[in-house]
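A.B. asks: Encoded as structure tokens, here's the structure I'll be asking about.
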Amino acid sequence: MHAANSKPEIAAFMQTQFAFAGAIRDPANAAVPKDVEPRRMAVYQELFYNNIEEFLSNAFPVLRKITPDEKWHALMREFLIEHRATTPLFPEMPREFLHYLEQGRAPREDDLPFMLELAHYEWAELALSISEEVIDEESVEHNSSLLTGIPVLSPLIWLCSYRYPVHCIGPDFIPQQPTDEATHLLVYRDRKDRVGFMELNPVTAQLLHSLQQNHDKSGEHLLRGMAQAMQHPNPDTVLSGGLEILQELHSRDIILGSRK
């Protein structure tokens, strides 16, 4: 008898849950459940919104600073109403917000043209800071030659290319058009868990891309290949300049060393 009555009870409880969640997400349009006092519901609505809005404001500080208050809060409300998160983990909320901007939200005419790129750039710092990737120190020779050896990149790096100079954007610089050349930025986390950024010229960006794809070639082999592709008249100049870049990357724990 108890089992026979449980299904309607569960269904009613789930309906209440959905109604309660709907009233929290969209207080302007969703009805408050009958058995919930409006004054108490208002407390839940305020706490829910303020916690998420504050967390996302801190995760995307530049985007928040350059977005007018009315538009920012409208964007937050749209996110809460329209997006369905795939994880209950609060630190993943910025990634959910980025997914919403990229895939779930129709662009608006008054959107900042670089909004998606800026949001990705700001998210990358947080995402890399909490990444659970682990450096395999056992497979690396820290002090061996980066020219004769096979350079090993840290797993804690992200090579990003943007149409806008997102690292320069702020209240005093709001670009309306993309730059003629892509902006290449490297986000990395060193062995002391400090997150850093590097702006890269096209040659360094290409070198890092080659290192990401490399499994068996020495640093010298890669640099001479780049010199050939560039049709450089003096390959040794590329080699010496490339070695300085490799050493700089090594000093920042972007290159961990050479493969054992």
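A.B. asks: Could we say that Lys260 is surrounded by fewer than 17 Cβ atoms within 10 Å (Cβ to Cβ) and touching an Asp or Glu at 6+ places or on another chain (Cβ under 6 Å) here?
C.D. replies: Taking the combined requirement at face value, the residue satisfies it.
One line per residue, one yes/no per condition, for (1) loosely packed, with under 15 Cβ neighbours inside 10 Å; (2) within 27 Å of Glu96 (Cα to Cα):
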residue: Ser129; (1), (2): yes, yes
residue: Glu133; (1), (2): yes, yes
residue: Ser144; (1), (2): no, no
residue: Ile157; (1), (2): no, yes
residue: Cys160; (1), (2): no, yes
residue: Val166; (1), (2): no, yes
residue: Pro171; (1), (2): yes, yes
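A.B. asks: Being surrounded by 13 or more Cβ atoms within 10 Å (Cβ to Cβ), modelled with pLDDT of 90 or more and touching a strand residue (DSSP E or B) at 6+ places or on another chain (Cβ under 9 Å): is that true of Arg224 here?
C.D. replies: On the way: surrounded by 13 or more Cβ atoms within 10 Å (Cβ to Cβ): yes; modelled with pLDDT of 90 or more: yes; touching a strand residue (DSSP E or B) at 6+ places or on another chain (Cβ under 9 Å): no.
No, not satisfied.
A.B. asks: Which of the residues spanning the range 2-36 are more than 23 Å from His73 (Cα to Cα) and modelled with pLDDT of 70 or more?
C.D. replies: Just the residues of the range 2-36 that are more than 23 Å from His73 (Cα to Cα), to begin with: 2-18, 33-36.
Passing the criteria: Ala11, Ala12, Phe13, Met14, Gln15, Thr16, Gln17, Phe18, Pro33, Lys34, Asp35, Val36.
A.B. asks: Still on this structure: Which one of these is over 30 Å from Asp110 (Cα atoms) and either out of contact with any Gly (no Cβ under 6 Å at 6 or more places or on another chain) or of a type in the set (A, V, I, L, M) (or both): Pro178, Pro233, Pro171, Pro151?
C.D. replies: Exactly one of Pro178, Pro233, Pro171, Pro151 is over 30 Å from Asp110 (Cα atoms) and either out of contact with any Gly (no Cβ under 6 Å at 6 or more places or on another chain) or of a type in the set (A, V, I, L, M) (or both), namely Pro233.
A.B. asks: Is it the case that Gln212 is free of Cβ contacts under 8 Å to residues at least 40 places away in the same chain and either assigned to a helix (DSSP H, G or I) or surrounded by fewer than 16 Cβ atoms within 10 Å (Cβ to Cβ) (or both)? Please lay out each step first, then the result.
C.D. replies: Details: free of Cβ contacts under 8 Å to residues at least 40 places away in the same chain: no; either assigned to a helix (DSSP H, G or I) or surrounded by fewer than 16 Cβ atoms within 10 Å (Cβ to Cβ) (or both): yes.
So Gln212 does not fit the description; no.
A.B. asks: Quick check: is even one residue across the range 202-214 in the same structural domain as Gly149 (by TED's automatic domain parsing), closer than 18 Å to Ile150 by Cα, of a type outside the set (S, T, N, Q) and at pLDDT below 90?
C.D. replies: Within the range 202-214, none of the residues are in the same structural domain as Gly149 (by TED's automatic domain parsing), closer than 18 Å to Ile150 by Cα, of a type outside the set (S, T, N, Q) and at pLDDT below 90.
A.B. asks: Scan the strands (runs of 3 or more DSSP E) fully inside the range 152-207 and keep the ones with 2 or more residues being free of Cβ contacts under 8 Å to residues at least 60 places away in the same chain and closer than 20 Å to Pro61 by Cβ.
C.D. replies: Numbers: elements: 157-162, 183-189, 195-200.
By residue number, 157-162, 195-200.
A.B. asks: Do we find a residue being within 30 Å of Glu117 (Cα to Cα) and in a helix (DSSP H, G or I) anywhere in the range 1-13?
C.D. replies: no
A.B. asks: If only one of Ile169, Ile245, Ile254 is under 18 Å from Glu137 (Cα atoms) and aliphatic (A, V, I, L, M), which one is it? Quick ask: steps written out before the conclusion?
C.D. replies: Values: Ile169 fails: under 18 Å from Glu137 (Cα atoms); Ile245 fails: under 18 Å from Glu137 (Cα atoms).
One residue alone meets the criteria, Ile254.
A.B. asks: Now, a different point. Which one is nearest to Ile150 (Cα to Cα), of the residues in the range 177-200 that are of a type outside the set (Asp, Glu) and more than 21 Å from the chain's Cα centre (by Cα)?
C.D. replies: The first filter runs over the range 177-200 and keeps only residues of a type outside the set (Asp, Glu), leaving 177-179, 182-189, 191-192, 194-198, 200.
Right, trim to more than 21 Å from the chain's Cα centre (by Cα) and you get 177, 179.
Numbers: Gln177: 40, Thr179: 35 Å.
Only one residue fits best here, namely Thr179.
The values are calculated or read from the model by the stated rules, or taken from the named source; none is laboratory data. This structure is a prediction, so every number in the text was calculated from the model and none was measured. Counting neighbours? That spans all protein chains shown, and the Cβs are built from the backbone with ideal geometry, glycine included.
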